[in-house]
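What follows is one structure encoded as structure tokens, with my remarks underneath.
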Amino acid sequence: GHVVRFDGRTFLLPATAKLTQAFDILREGIVLGAVRGVLDRAKPSFGMLVLDTSRESGVSAAAAALTPVLGDIGEGGTAVAVVSAAAPGTPLAKTEPFALTDALVEGLDRPRVELGRVLGTLPTAVAAGSGGAQAPWISGGPAEPVWLRGAPIPPAPPPAPVVAIGQEASPAETSVTA
């Protein structure tokens, strides 16, 4: 979909939105603040709001009153991270339109995925995908590791004591502490 500004508010639009005039956004869009409100009231153990947008969207080209700039999208926290293609109020670079989405998909396409590590790799991956023109904005993140796929590899158990054949184990190897 698309993230656009209209009349001082930030809207989310589906990729299939058909806008013939600027006010069509009120019928087809969702005010971003409403989505943030639902996330905040749900009190998830952790959630993530990803906003990728493009200057090349047909929606922004269809109506001069729409701006492909993120407005006040709110700060993230330990319960909800906000990840966007640009910082609030920053115009998007005219470059690869979905470098953030591409980098996020690549980061999540692994056998074991810990969200904090994926978020940490986004700035470098987005810069590479956009030829250095885009710098994602990440606000907030999980306080504890959040495993999206797989799980952490448990530590290996300690090795068993080695006892030679025909030799008895020493008292230290056979004693049990109560």
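The values are calculated or read from the model by the stated rules, or taken from the named source; none is laboratory data. As the structure is a prediction and not an experimental result, all values here were calculated from the model. Please note: Cβ atoms are built from the backbone with ideal geometry, for glycine as well, and neighbour counts cover all protein chains shown. Areas reflect the complete protein model, heavy atoms only, side chains present, ligands, DNA and RNA absent. Shrake-Rupley method; radii C 1.70, N 1.55, O 1.52, S 1.80 Å.
Multiply the residue gap between R149 and R27 by 0.36 nm, knock off their C-alpha separation, and tell me the result in nm, one decimal place. Answer, rounded to one decimal: 40.3 nm.
For the stretch 1-46, which trypsin sites (Lys or Arg not before Pro) are in a loop by DSSP, counting at most 16 other Cβ atoms within 10 Å? Numbers along the way, then the final one.
Numbers: sites: R5, R9, K18, R27, R36, R41; in loops: K18.
Counting only loop positions with at most 16 other Cβ atoms within 10 Å, the trypsin sites (Lys or Arg not before Pro) in the stretch 1-46 are K18.
For W137, the accessible area of its heavy atoms, probed at 1.4 Å with every protein chain present, is near 50 square angstrom.
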